[in-house]
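Undergrad: Supplied in structure tokens, the structure appears directly below.
What follows is calculated from the coordinates using simple rules that are stated; it is not laboratory data. Being a predicted model, the structure only gives us computed values, none of them experimental. Don't worry about glycine lacking a Cβ; one is built from the backbone with ideal geometry, like all the others, and counts go over all protein chains shown.
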Amino acid sequence: SDFSQPSRSAKKRESLALQALGEELANLAPQEVQALNLPPDLAEALALYARLRDHEGRRRQMQYIGRLMREADAEPIRAALDQRKETSAAATAALHRAEQWRERLLAAPEAELEGLLQSLPRPAAPESDPDEDEGRAPRPKGKKPLGVSELRKLVLEARKEIDDKAAPHARRALFRALHGLLTAQATEARPEQG
């Protein structure tokens with residue numbers, strides 16, 4: 001007998017894995033599906049699935065997507081989905097880090113505020129950047145991260161907002177500034193993959 005053929009159970013496992021992959025694709029937003037650059041018939045089947053509201057119609061369409069998945073090369077699709085999850089997880093982590101820094105800065109005693117602001121992770125400044133002398137981060141993509149003095153001003157405004165029970169404009173601005181700073185620093189720290 002020929003043992004080179006996959007067993008029936010191996011075929012079934014692969015089929016279920018492809019179906020799960022198809023279901024994962026079906027749960028994405030239409031613009032995310034477009035970004036994955038899928039085979040046209042699969043992209044069209046996913047778009048139709050997204051428009052269907054009838055349970056039986058969706059079930060049949062999912063079966064069709066499963067069949068298309070068996071015909072498609074699943075590896076690039078898996079890799080693209082994994083990359084998307086990694087990017088999404090990194091973005092979520094950056095948001096959490098910015099939130100933690102904001103809370104630390106708002107809760108810090110006045111005497112410790114300057115030290116905390118100085119210890120914020122910053123992207124390295126190029127030699128020719130005039131902001132380097134003032135302890136500021138360099139300008140990524142046309143937007144200039146705030147320097148220590150601007151961040152201090154935002155922290156003080158945010159604290160005043162909390163005391164006055166005012167709308168959180170300065171707190172949001174502080175969060176955006178910290179997120180931009182930490183994202184620029186993380187992007188610079190990560191080696192280019194190519």
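Undergrad: Which FRET efficiency, nearest 0.05, do Arg60 and Glu23 yield, Cβ-Cβ r, R0 22 Å?
TA: Numbers: r = 14 Å, r/R0 = 0.64.
Working from the Cβ atoms, E equals 0.95.
Undergrad: Can I ask one more? For Ile162 and Thr92, what does the FRET efficiency come to when R0 = 25 Å and r is the distance between their Cβ atoms, rounded to the nearest 0.05? All intermediate terms of the calculation are to be shown ahead of the outcome.
TA: Working: r = 25 Å, r/R0 = 1.02.
With R0 = 25 Å, the Cβ-Cβ based efficiency is 0.50.
Undergrad: May I ask for the distance between the Cα centers of the range 65-85 and the range 1-47, given as a whole number of Å?
TA: 5
Undergrad: Restricting everything to alpha-carbon atoms, can you work out Rg to Rh for the range 1-51 with a Kirkwood hydrodynamic radius? Could the numbers behind the result be given before it?
TA: On the way: Rg = 14.9 Å, Rh = 12.6 Å.
Checking Rg against Rh, the ratio lands at 1.18.
Undergrad: Please work out the FRET efficiency for the pair Arg8 and Leu81, using the Cβ-Cβ distance as r and a Förster radius of 25 Å; give the result to the nearest 0.05. Please report the intermediate quantities before stating the final value.
TA: Numbers: r = 27 Å, r/R0 = 1.09.
According to the calculation, E is roughly 0.40.
Undergrad: According to a simple spin-label model (label point 7 Å from Cα along Cα-to-Cβ), what is the distance in nm between Glu103 and Arg70?
TA: Placing both labels 7 Å beyond Cα along the Cβ direction yields 5.0 nm.
Undergrad: I need the shape label for the range 1-89. Rule: rounded when a/c is under 1.5, else prolate if a/b > b/c, else oblate, with a, b, c from the alpha carbon gyration tensor. Intermediate values should be presented prior to the final figure.
TA: On the way: a/c = 2.27, a/b = 1.38, b/c = 1.64.
It comes out oblate by the Cα gyration axes.
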